[in-house]
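The values are calculated or read from the model by the stated rules, or taken from the named source; none is laboratory data. It should be emphasised that the depicted structure is a prediction, and the values quoted were computed from it without experimental measurement. Cβ coordinates were reconstructed from backbone atoms using ideal geometry, including for glycine residues, and neighbour counts include every protein chain displayed. SASA here: full protein model, heavy atoms, side chains in, ligands and nucleic acids out. Shrake-Rupley method; radii C 1.70, N 1.55, O 1.52, S 1.80 Å.
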Amino acid sequence: DHGYDDTAAYWVCAYANNQWDLASVNAPTLEETSFYKALKLAEGAVSILDKGGKCFTRAWCAYECFIALTQIKGLKYECYTALEHKYEDNFADKRERSAVGITYGLAMALVDREEDTEDKALREGHFPVELCKQAFGLALETADASVQSDKFKILNTIAGQTADLTAESPETHPSYDALNAILRGRFAVIALPLI
């Protein structure tokens, strides 16, 4: 493929952490976990969505969204999903694609030029409307974790209640609402012209 930097490195939590032995993420604060340390070193975070947007029902994914969207200034946050489609840019260049994403700003350079705002709108216009509609119902505070104490730590961190991260987290909080609104807004920008 053209335009890809073959020296780019990606940290994928599902592969970097042993999902059956998460002792490395059992730290007193979330800032001491590999999740946070990787995001501090990164230029951005990417959520990979399946057809059901399952990623947004997982507490650790909610934490990554929280950090990427509200805690680290300048960190890019993008969402991609698998979708076979034919893409045509505003110069009538056509390509087969197997994924589509919502990007923070403009995406990578095209074959012979930089992507512009028209190209971005055309590209993101292929993002599945059904996934966007599902995003409007996001409630990250209802996300699940394999270990209940992880969920409490994550939600307490998002709520700014860090005195005792292991305490039962509040069911509702303005910080949850703010994070949900940011995520919903990312999808609304794409979905509104398509609905």
Please tell me if Phe152 is within 28 Å of Leu30 (Cα to Cα) and touching a Lys or Arg at 6+ places or on another chain (Cβ under 9 Å).
no
Would a scan of the range 112-122 turn up a residue that is of a type in the set (S, T, N, Q), assigned to a helix (DSSP H, G or I), open to solvent by 70 Å² or more (accessible area, probe 1.4 Å) and more than 24 Å from Gly44 (Cβ to Cβ)?
no
For Leu183, which of the numbered conditions (1) open to solvent by less than 20 Å² (accessible area, probe 1.4 Å); (2) assigned to a loop (DSSP other than H, G, I, E, B) fails to hold?
(2)
So in the range 80-93, with the set limited to residues that are closer than 27 Å to Asp50 by Cβ and out of contact with any helix residue (DSSP H, G or I) (no Cβ under 8 Å at 6 or more places or on another chain), which one is least open to solvent (accessible area, probe 1.4 Å)?
His85
Does Ile190 satisfy the criteria of being closer than 19 Å to Cys61 by Cα, in a helix (DSSP H, G or I) and open to solvent by less than 40 Å² (accessible area, probe 1.4 Å)?
no
Just give me the residues in the range 150-174 being under 12 Å from Thr70 (Cβ atoms) and open to solvent by 40 Å² or more (accessible area, probe 1.4 Å), in sequence order.
Gly160
Qualifying residue in the range 127-138 (condition: surrounded by 14 or more Cβ atoms within 10 Å (Cβ to Cβ), modelled with pLDDT of 85 or more and assigned to a loop (DSSP other than H, G, I, E, B))
yes
Residues of the range 66-95 being part of a helix (DSSP H, G or I) and either acidic (Asp, Glu) or closer than 13 Å to Leu30 by Cβ (or both), in sequence order, are Phe66, Ile67, Gln71
Working only within the range 22-59, note down all residues that are within 11 Å of the chain's Cα centre (by Cα) and open to solvent by less than 50 Å² (accessible area, probe 1.4 Å).
Gly44, Ala45, Ser47, Leu49, Gly53, Cys55, Phe56
I'd like the residue in the range 40-65 that is part of a helix (DSSP H, G or I) and of a type in the set (Ser, Thr, Tyr) and, out of all such residues, is farthest from Ala159 (Cα to Cα).
Thr57
Result of the Cβ filter at 7 Å on the range 80-105, keeping first residues that are free of Cβ contacts under 8 Å to residues at least 12 places away in the same chain and farther than 15 Å from Glu118 by Cα and partners that are basic (Lys, Arg) and surrounded by fewer than 15 Cβ atoms within 10 Å (Cβ to Cβ), at least 6 apart or interchain, is Lys86/Lys94
Neighbours by Cβ (under 6 Å, 6+ apart or cross-chain): first from the range 165-190, free of Cβ contacts under 8 Å to residues at least 40 places away in the same chain and over 22 Å from Pro28 (Cβ atoms); second of a type outside the set (S, T, N, Q) and assigned to a helix (DSSP H, G or I)
Tyr176/Glu141
Would you call Glu141 touching a residue at least 24 places away in the same chain (Cβ under 8 Å) and loosely packed, with under 12 Cβ neighbours inside 10 Å?
no
